[in-house]
Amino acid sequence: MPDKAILIPAALLVCWTMVMALWMLIHRAGTFSAMKTGLDKLPVGARGPDLWSQLPPGRNDWPAHNYMHLMEQPTVYYAACVILAIGGPTGYDFTLAWAYLLIRIVHSVYQARINVVKIRAFLFIASTLVMTILAFRSLLSVLN
């Protein structure tokens with residue numbers, strides 16, 4: 001019988017990703033306002049990263065950077081959580097899944113607001129280590 005409880009932190013990260021999407025949109029609206037421009041003035045096919053070099057002093061697109069990061073490594077997290085739900089998670093797996101979620105939320109807020117690379121890198125490395133263990137544990141859960 002699948003254990004859906006391991007999917008709770010994964011579902012929360014999905015919801016957090018949408019919070020970051022909203023944060024990005026609100027932040028970009030403020031940036032467009034500061035640049036005194038609108039979407040109608042952008043070249044055909046322009047993307048957010050294309051505009052980074054045009055940002056006025058004091059503006060950044062850090063929430064968007066983080067949103068893009070949430071489309072990368074967390075995809076492995078979602079797969080690992082589904083595999084664990086099928087294979088049977090242990091208490092240790094739940095701890096790892098919740099730890100990954102919390103580290104990624106802290107990473108998101110830190111990157112979107114402060115963004116000192118040394119600290120952000122530490123948070124990324126911590127989440128990667130947790131994710132690596134969780135990935136191998138997901139494999140073990142279906143091999144046993």
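Over what distance in Å are the Cα centres of region 1-71 and region 92-135 separated?
Comparing the Cα centres of region 1-71 and region 92-135, I get a distance of 18 Å.
Output the direction-averaged projected area (hull surface divided by four) of the convex hull of the alpha-carbon atoms of region 73-144, in nm².
Working: hull surface 17.4 nm².
About 4.4 nm², averaged over all directions.
For region 1-134, give the magnitude of the charge dipole about the Cα centre (Cβ charges: +1 Lys/Arg, -1 Asp/Glu; no others), in debye to the nearest 20. Working shown, then result.
Working: 10 positive and 6 negative charges, 93 e Å.
That gives region 1-134 a dipole magnitude of about 440 debye.
Hey, for a label at VAL142 modelled as a point 7 Å past Cα toward Cβ, could you say which residues of region 54-94 have their backbone N under 17 Å away?
Inside the label zone: 75-90.
Per-residue ellipticity at 222 nm for the chain, helices alone: DSSP H runs ≥ 4 residues times -39500 (n - 2.57), over residue total, nearest 500 deg cm²/dmol? Walk me through the numbers on the way to the answer.
Details: 6 runs with 104 residues, N = 144.
For the chain, the value works out to -24500 deg cm²/dmol.
Taking Rh as the Kirkwood radius, which is the inverse of the mean 1/r over Cα pairs, what is the Rg/Rh value for the chain?
Details: Rg = 18.1 Å, Rh = 16.7 Å.
Result: Rg/Rh = 1.09.
Return one number: the angle in degrees, 0 to 90 and rounded to the nearest 10, between the long axis of the Cα atoms of helix 7-34 and the longest principal axis of the Cα atoms of the chain.
That helix lies at roughly 10 degrees to the long axis.
Throughout, read-outs are computed from the coordinates displayed, never taken from laboratory work. None of the values given here were measured: they were computed from a predicted structure. Note: ideal-geometry Cβ built from the backbone for every residue, glycine included; neighbour counts use all protein chains shown.
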